[in-house]
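Below is one structure, written out as structure tokens; the observations come after it.
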Amino acid sequence: MKREYGEDYPSGAETVAAPATVSGERRPNAIGDELIRRIEQRPASQETCHPGIVPQPYLHRAVGAEGDNMHIEPGVVDGAKILLSYATAAVGFGLTAKMAAGDIRRDGGAAILALRSLATTALVFCFFEVLPHHPVGVSEVHLILGSTLLLLFGSGAAAIGLAAGLLIQGLFFAPFDLPQYGMNVTTLLVPLWGIHLLARKIVAKDTPYVELTYSQALALSTAYQGGIVAWVAFWALYGHGFTVANLASIGTFGIAYMSVILLEPLIDLAVLAAAKALRRLSRSSLFSARLHSALV
């Protein structure tokens, strides 16, 4: 028979379930209940301002949440603070509308923009779901190829594709990412607006995108990825403050993202070289006229 709760069992003794009560309910394990009680009463961590043992931004990893988180970690910003992400997302959508309107005026009209946006949405979804991605610090390190999409399809279609692809992924494959949609879409769209402006400054009006140099491609990619890292850092600091653990997590993510910054310009140049070699195909209305022509 099992001894009273709290006593040690002899080595090799078989443990049995706690005896049932008259009502059929099993008597609680006193030791286990005491441990749970102590954990629940543990004061909030000074580093995370969250109760318990596991820091909240990484809790889903510790308990094994279903699916693969692809972007900013759940818990980085929560509660009432997440309302700010709705406002920043609205700004991002406004910038997207402005870029799309410019493409409609200068590059084929609304129907062509819709066609290109379907292509960019499909590509973004594939980038997020198929390409390798690794959790590092407060977010994930993976290829987004935002500058590549802008060079091939134009800024408006690139922005629509990023927003729509991210939303489709959240709705059907990563619903636990939906609360972070405002933060994630802001992190993708605002830097895209930045390189949309930067391209006009560093690329001469009479230079088609297929003639970009490595330094120009590097500048665009670095600006876009740097903007992403800056926004991720902002959300992490906004959510959890300037703690040592939080700063270390942000730094780890930023350092890891250097690999993306170095790789994406090479991908851009390879894609542009392919577009130049396949001129007959890449001159179709599916691609931006800026790919082969001067800025109008």
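The values are calculated or read from the model by the stated rules, or taken from the named source; none is laboratory data. Quick caveat: nothing in here was measured; it's all calculated off a predicted structure. All Cβ positions, even for glycine, are placed from backbone atoms using ideal geometry, and neighbour counts span all protein chains on display. In case anyone asks, the SASA skips ligands and DNA or RNA and just uses the protein heavy atoms, side chains included. Shrake-Rupley method; radii C 1.70, N 1.55, O 1.52, S 1.80 Å.
Considering only residues that are buried (at least 19 other Cβ atoms within 10 Å of the Cβ) and in contact with a Phe, Trp or Tyr (Cβ under 9 Å, 6 or more places away or on another chain), which ones fall in the range 270-296?
Selection gives Leu272, Ala275, Phe287, Ser288, Arg290, Leu291.
Within the range 116-126, can you find the residues that are buried (at least 16 other Cβ atoms within 10 Å of the Cβ) and not aromatic (Phe, Trp, Tyr)?
Of the residues in the range 116-126, the ones buried (at least 16 other Cβ atoms within 10 Å of the Cβ) are 116-117, 119-121, 123-125.
Arg116, Ser117, Ala119, Thr120, Thr121, Leu123, Val124 - these are the residues of the range 116-126 that are buried (at least 16 other Cβ atoms within 10 Å of the Cβ) and not aromatic (Phe, Trp, Tyr).
Could you please give the count of residues in the range 127-149 that are of a type in the set (A, V, I, L, M) and open to solvent by 10 Å² or more (accessible area, probe 1.4 Å)? Walk me through it before giving the result.
Taking the range 127-149 as the starting set, the residues that turn out to be of a type in the set (A, V, I, L, M) are 130-131, 136, 138, 141, 143-145, 149.
The next check asks that each one be open to solvent by 10 Å² or more (accessible area, probe 1.4 Å); those that pass are 130-131, 136, 141, 143, 145.
Count: 6.
Being touching a Lys or Arg at 6+ places or on another chain (Cβ under 8 Å), buried (at least 17 other Cβ atoms within 10 Å of the Cβ) and assigned to a helix (DSSP H, G or I) is true for just one of Gly227, Gly182, Gly239. Which residue is that? If you could, list the steps in order and put the result at the bottom.
Values: Gly227 fails: touching a Lys or Arg at 6+ places or on another chain (Cβ under 8 Å); Gly182 fails: touching a Lys or Arg at 6+ places or on another chain (Cβ under 8 Å).
The conditions single out Gly239.
If you check every pair at least six apart or on different chains, which have Cβ atoms under 7 Å apart with a residue in the range 121-133 that is in contact (Cβ under 8 Å) with a residue 40 or more places away in the chain and under 11 Å from Gln169 (Cβ atoms) first and a residue that is outside any helix (DSSP H, G or I) and open to solvent by less than 50 Å² (accessible area, probe 1.4 Å) second?
Phe128/Met70
What helices (runs of 4 or more DSSP H), lying completely within the range 243-286, carry at least 1 residues that are β-branched (Val, Ile, Thr) and in contact with a helix residue (DSSP H, G or I) (Cβ under 7 Å, 6 or more places away or on another chain)?
Details: elements: 244-256, 258-277, 279-282.
Once the helices (runs of 4 or more DSSP H) in the range 243-286 are filtered for at least 1 residues that are β-branched (Val, Ile, Thr) and in contact with a helix residue (DSSP H, G or I) (Cβ under 7 Å, 6 or more places away or on another chain), what remains is 244-256, 258-277.
Which ones in the range 154-175 are open to solvent by less than 10 Å² (accessible area, probe 1.4 Å) and either of a type in the set (Phe, Trp, Tyr) or on the phi > 0 side of the Ramachandran plot (or both)?
Gly154
Pick from the range 82-115 the residues that are hydroxyl-bearing (Ser, Thr, Tyr) and crowded, with 17+ Cβ neighbours inside 10 Å: which of them is nearest to Gly239 (Cα to Cα)?
Step one: of the range 82-115, the residues hydroxyl-bearing (Ser, Thr, Tyr) are 85-86, 88, 96.
If we keep only those that are crowded, with 17+ Cβ neighbours inside 10 Å too, we end up with 85, 88, 96.
Working: Ser85: 11, Thr88: 15, Thr96: 26 Å.
Ranking the candidates gives Ser85 first.
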